[in-house]
Amino acid sequence: MTEFHEGGCVCGRVRYKAGGDPQRVSLCSCTWCQKRTGSALGISVYFLKEDVEIDESLLGTHRLMSDAGRWIEQEFCTHCGTALTWTLEFRPDYRGFAGGTFDQPTFWYKPERYVFTRSKPDWLTVTGNIETCEAMPE
């Protein structure tokens, strides 16, 4: 039986389910993630699109160019504005989720890598077995 990880936006209007294990969990300090989260970094949890359930009609979209020069299509709640999910140009079969939007404490995830460390604040130290990359790896 597939385990589902559930989450949603601040106002509760948009809810989602993602099935199985994440395909990747990353930390990122690119300027988009910093602005999206209002913080020093974002937590991105990626699932195969086919394993995601979400009501697309409740979402607004915005496409932008990333620090890596590729497009990101972000989806957000049209009522409260919570950034929930996105698709990356170079990973079109995956859907990224903002890690903080998953219901707590049922879903905790261990980051595998930290990208765009060149933009992280000096006071933030990365420890443990996390791959670090100054920019987006090829």
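Worth a mention:
- Label sites at residue 35 and residue 2, each approximated as a point 7 angstrom past Cα along Cα to Cβ, lie 3.4 nm apart.
- Extension reserve of the residue 71-residue 112 stretch, reckoned as 0.36 nm per residue once the Cα distance is removed: 12.5 nm
- Value at 222 nm in deg cm²/dmol, rounded to 500, when DSSP H runs of n ≥ 4 in the chain each add -39,500 (n - 2.57): -1500 deg cm²/dmol
- Cysteines in the chain that, by Cβ-Cβ distance, have no pairing candidate under 4.7 Å: 30, 133
- Comparing 30, 58, 43 along the charge dipole axis of segment 20-61, the residue lying farthest to the positive side is 30, per the Cβ-charge model.
- Within the chain: Cβ-based charge dipole about Cα centre, in debye rounded to nearest 20 (Lys, Arg +1; Asp, Glu -1): 400 debye
- Under the criterion of Cα pairs below 8 Å and six or more residues apart, the relative contact order for the chain equals 26 percent.
- Positive-end extreme of charge dipole, segment 4-132 - chosen from 69, 85, 124 (charges on Cβ): 124
- For 123, 71, 108, 32, order by how many other beta-carbon atoms lie within 10 Å, fewest first: 123, 108, 71, 32
- Low-density loop positions, trypsin sites (Lys or Arg not before Pro), segment 1-104 - DSSP coil, at most 15 other Cβ in 10 Å: 13, 70
- Converting phi to 3J(HN,Hα) with the Karplus coefficients 6.51, -1.76 and 1.60 and the offset θ = phi - 60°, segment 74-88 yields 8, 10, 9, 5, 6, 8, 9, x, 4, 6, 10, 8, 7, 10, 9 Hz in sequence order, with x at every glycine or proline.
Rule-based calculations on the coordinates, nothing more; no lab input. The shown structure was predicted, so the numbers you read here are calculated from the model rather than taken from an experiment. Counting neighbours? That spans all protein chains shown, and the Cβs are built from the backbone with ideal geometry, glycine included.
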